[in-house]
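**Student:** Take this structure, written in structure tokens, and hold onto it; I'll ask about it next.
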Amino acid sequence: MHAKAPPPSTTSRTGEGEVPQRKTRTAPLPGRDGKPSGAPVAIRKQRKTLRSDYEGVKPIVMGGMVAQKKRTGTRRSCVSIGKDDVLKRATIVKPNEAGSPAPGKLGAAAKRRNQRPKLDAGTIVNSESHAYYIIDLIGAGGFGDVYKVEQNVTKEIYALKTEQIPQKGNMPQDRLKVELCGALQIETTVMSACNKVTDPEKRRHFVRMVDKGFTDKFKFLVMDLVGPSIDDLRRHVLGTDFSRATATKLSIETLQGIACLHHAGFLHRDIKPQNFACSRDPNSPTIYILDFGIARQYTNRNSKEVRPARDYVKFLGTIRYASRSAHRSKEQSRKDDVEQWIFLTAEMYDIGNLSWRKNNDRGAVLLEKEKFFQFKSPHIWTSMPATFKQIMKTTDAMGYETEPDYPAIQALIELGARESKYDTTLPQYDD
Ligand SMILES: Nc1ncnc2c1ncn2[C@@H]1O[C@H](COP(=O)(O)OP(=O)(O)OP(=O)(O)O)[C@@H](O)[C@H]1O
């Protein structure tokens, strides 16, 4: 069954050759402050409809590679999952069970965020090496939830991200193996590769993954806790558009995050403000790049050459920020992440810059994006540095295999900020 027009910011997480995900993106995100997200009921209903898109898509595992059996045959996963990246069995202890701390309560708003069963505060998740005590729900994404947790030994606070395992009675081992694959396994694999980058400058934007595992009900990974996302920052902390100086600084940090991910060998394919988060240290300018659930390895593991483009790739990403190639069901490349970053940046300068913001008709949005790249939206240049025209032209001219010149793009942003006299020297983002 196919959904009608998906809501704004809807993420589709299957493409040809991808592990099927039950992930859809919705417009308003829940705030960290426990306030209701305001996500309209209609959108939640639509999420359900979109999920049924994946019925009949059965993943299979072959020789350590995750593949997906679709009507058209068997294809490889978007990342190759190494032995060390495989999730290990874990257990959970519910609040009130012997030895567990007293039960806590999640806010009613948090519980309302969606119908997925939530872990109560006080639940303990035991991985092979540590126990994590659930403190609170941070947020709910399209396919999983993120909790604030405390580790039993060091008492360090981390973020624990879960993804449900579909419950189908007594699951045979081989079926369980299949269900363990999915967005969270991809994310685990990508994070683990990113954490292995040795140059500190090139891993500055990555969150550290500290643990991973699975229980009968869900898979999980444990990572460093970061601060609010750029989206939360604008909507819930500032409650208004960023200043031009802040937009400039954020655009540079997010670009560097993307460059680091490309350096590690992966495309993100879902660049949007929800997937970049601030540091918890208010004095640190670092912006972290999150959510690698639909990332794709774009180079061959051994030769490091760019993998050949497939002829057709089902729409993947979030409508508002998706690249034009994604709209056209083409294979994405580094160029597409930069194109998505251009949309993200334009929106950071002024949310009105994306004329298709509230449109969820993919065809109509593509036409608007074409106009945007033909500079047929003259009003945007009142809020954005003129040097962005050059960035857009250069990006437009890139080919599938072209490596973006990130320092040149950054230099153009900085030049534009200087010409426009934005004061980017202030240490805070919300100046
Ligand atoms: N390491 C982390 N520390 C703190 N918050 C996090 C961390 N990782 C994710 N979050 C937050 O948890 C929430 C849910 O994140 P998640 O990646 O599951 O979904 P999303 O990106 O919001 O949506 P989707 O996955 O559907 O695109 C978001 O608000 C995100 O900013």
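**Student:** What's the number of the only condition in (1) modelled with pLDDT under 95; (2) in contact with a helix residue (DSSP H, G or I) (Cβ under 9 Å, 6 or more places away or on another chain); (3) open to solvent by 10 Å² or more (accessible area, probe 1.4 Å) that ARG324 fails to meet?
**Tutor:** Exception for ARG324: condition (1).
**Student:** Right, another one. Taking the stated definitions as given, is VAL313 outside the structural domain of LEU412 (by TED's automatic domain parsing) and either touching a residue at least 12 places away in the same chain (Cβ under 8 Å) or more than 11 Å from the ligand (Cβ to nearest atom) (or both)?
**Tutor:** Numbers: outside the structural domain of LEU412 (by TED's automatic domain parsing): no; either touching a residue at least 12 places away in the same chain (Cβ under 8 Å) or more than 11 Å from the ligand (Cβ to nearest atom) (or both): yes.
Considered against the rule, which asks whether it is outside the structural domain of LEU412 (by TED's automatic domain parsing) and either touching a residue at least 12 places away in the same chain (Cβ under 8 Å) or more than 11 Å from the ligand (Cβ to nearest atom) (or both), VAL313 comes out as no.
**Student:** Out of ARG301, ARG334, ARG296, which single residue is touching a Cys at 6+ places or on another chain (Cβ under 8 Å) and under 26 Å from SER80 (Cβ atoms)?
**Tutor:** Values: ARG301 fails: touching a Cys at 6+ places or on another chain (Cβ under 8 Å); ARG334 fails: touching a Cys at 6+ places or on another chain (Cβ under 8 Å).
Among ARG301, ARG334, ARG296, only ARG296 is touching a Cys at 6+ places or on another chain (Cβ under 8 Å) and under 26 Å from SER80 (Cβ atoms).
**Student:** Quickly run through the stretch 375-390 and pick out the residues that are open to solvent by 20 Å² or more (accessible area, probe 1.4 Å) and at pLDDT 95 or above.
**Tutor:** Selection gives LYS389, GLN390.
**Student:** Next question. Go through (1) of a type outside the set (Ser, Thr, Tyr); (2) open to solvent by 60 Å² or more (accessible area, probe 1.4 Å); (3) closer than 19 Å to MET348 by Cβ and name the single condition LYS393 misses.
**Tutor:** Every listed condition holds for LYS393 apart from (3).
**Student:** Do any residues in the stretch 215-226 that are within 17 Å of LYS118 (Cβ to Cβ) and in the same structural domain as ILE157 (by TED's automatic domain parsing) have Cβ atoms under 9 Å from those of residues that are in a loop (DSSP other than H, G, I, E, B) and near the ligand (Cβ under 9 Å from one of its atoms), where the two are at least six apart or on different chains, and which pairs are they?
**Tutor:** Going by the 9 Å Cβ cut-off, the qualifying pairs are PHE218/GLY144; LYS219/GLY144; PHE220/GLY144.
Okay, residues lined up against (1) outside the structural domain of PHE315 (by TED's automatic domain parsing); (2) at pLDDT below 95; (3) part of a loop (DSSP other than H, G, I, E, B); (4) closer than 23 Å to THR402 by Cα:
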position	(1), (2), (3), (4)
GLN332	no, no, yes, yes
VAL338	no, no, no, yes
PHE343	no, no, no, yes
ALA346	no, no, no, yes
GLY352	no, yes, no, no
VAL365	no, no, no, no
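**Student:** Are any residues in the stretch 195-210 open to solvent by 20 Å² or more (accessible area, probe 1.4 Å) and either charged (D, E, K, R) or near the ligand (Cβ under 10 Å from one of its atoms) (or both), and if so, which ones?
**Tutor:** LYS196, ASP199, GLU201, LYS202, ARG203, ARG204, ARG208, MET209
Residue-wise test of (1) open to solvent by less than 10 Å² (accessible area, probe 1.4 Å); (2) of a type in the set (D, E, K, R); (3) under 30 Å from THR425 (Cβ atoms).
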{"residue": "ARG269", "(1), (2), (3)": "yes, yes, no"}
{"residue": "PRO282", "(1), (2), (3)": "no, no, yes"}
{"residue": "SER303", "(1), (2), (3)": "no, no, no"}
{"residue": "ALA309", "(1), (2), (3)": "no, no, no"}
{"residue": "GLU347", "(1), (2), (3)": "yes, yes, yes"}
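The values are calculated or read from the model by the stated rules, or taken from the named source; none is laboratory data. These numbers were taken from a predicted model, which means no experiment stands behind them. Neighbour counts run over all protein chains shown; Cβ positions are idealised from the backbone, glycine included. For accessibility, only protein heavy atoms count, side chains too; no ligands or nucleic acids. Shrake-Rupley method; radii C 1.70, N 1.55, O 1.52, S 1.80 Å.
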